[in-house]
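Only one structure is covered here, and it is reproduced in the block below.
Values in this text are rule-based calculations from the coordinates and carry no lab data. As the structure is a prediction and not an experimental result, all values here were calculated from the model. Note: ideal-geometry Cβ built from the backbone for every residue, glycine included; neighbour counts use all protein chains shown.
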Amino acid sequence: MKNMKKVLAFDIDQTLNVAKTPITDDIANLLVECLNHFEVCPISGQKFDQFLIQIVDRLPNPTPEQLSHLHLFVAQGTQYYRYNTTNSTWEQVYNYPLTDEQVQKITTTIEQAARELGFWEADKLLPGDEIIENRLSQVTFSALGQKAGTKEKYAWDPDCKKREKIVARCKELAPEFEYEIGGTTSINAITPGMNKVFGMTHLLEELNVKKEDILYFGDMTQPGGNDYPVVEMGIDTITVRNHEDTGYALKGILGVIK
Ligand SMILES: [Mg+2]
């Protein structure tokens, strides 16, 4: 087919799954089918182990050949993993971590901002959970921690207003970093340029493709959202509300190919 995309790239939270949970059987089946026709690139602020738990482990009996077309762009693509078919393991191709000083500065900044605004919910955390997490290439604030229930998370800041206030204060306190709203309760702090543009730019290089070859799916494509940098790059984007929308679009795309 002419003008066919070579790469399907996906945000994860709210695009492939219900934030922070494994993908459904429907999405898993569709992704495996996509691996027969496209390079498939999830790109998200999450850690590598969550890519395995939420996506890779859910795929129904993928072959090594299929997995070789799956590319994991971890921590907004500041880390890249691909499948090594020779020894059947995921290998890290590159990693661009923050320095200890940067992590420390971001951590104290976000905590101060959230405390000042009355959005520091340490009393609501489950045992062993944490609000601010060092994800090596970024620092992530999750208002209710990682382990909070989905329902509580959705209810915390459905219109992003709380997080917009925290971000505004963080920008005053430490303007040398960038702050992005993502997921349901999260803010990702990064060094300038270490957002999805960084990941997508490396994706272009690693997969040796052009911008026009990519179709990107995301739920936060509005200005300020963590998918917006991809839109700004000029990559074709489909905005979805949830994984059902994504599934619907993928069925359409795969239906055209067959
Ligand atoms: Mg998202």
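Miscellaneous remarks
- The chain - mean residue ellipticity at 222 nm from DSSP helices (-39,500 (n - 2.57) per run, n ≥ 4, rounded to 500): -10000 deg cm²/dmol
- By DSSP, the beta bridges lying fully in segment 152-256 are antiparallel in about 50 percent of cases.
- The rule of thumb for compact globular proteins, 2.2 N^0.38 Å, goes into the C-alpha radius of gyration of segment 100-190 0.99 times.
- Kirkwood Rh and Cα Rg combined as Rg/Rh, the chain: 0.96
- Cα gyration tensor shape of segment 41-174, rounded if a/c is under 1.5, else prolate or oblate by comparing a/b with b/c: prolate
- A DSSP coil position with no more than 15 other Cβ atoms inside 10 Å describes the following trypsin sites (Lys or Arg not before Pro) in segment 147-204: K147.
- Straight-line reach from K162: taking Cα to Cα under 28 Å and skipping same-chain neighbours fewer than 8 places apart, the lysines in range are K20, K47, K105, K124, K147, K151, K153, K171, K196.
- Relative contact order of the chain: 22 percent, from C-alpha pairs under 8 Å at least 6 residues apart in sequence.
- Using a cutoff of 8 angstrom between alpha carbon atoms and counting only pairs six or more residues apart, the relative contact order for segment 29-158 works out to 18 percent.
- The protection proxy used here, the mean number of other Cβ atoms lying within 10 Å of each residue, ranks peptides 243-255, 225-237 as follows, highest first: 225-237, 243-255.
- Distance from segment 214-243 to segment 91-132 (C-alpha centre basis), Å: 25
- Spacing of the two label points (7 Å from each Cα toward its C-beta) at Y96 and A249, in nm: 2.5
- Of the trypsin sites (Lys or Arg not before Pro) found in segment 1-108, those in coil by DSSP whose Cβ has at most 13 other Cβ atoms within 10 Å are K2.
- Contact order normalised by residue count of segment 100-190, Cα under 8 Å, 6+ apart, percent: 31
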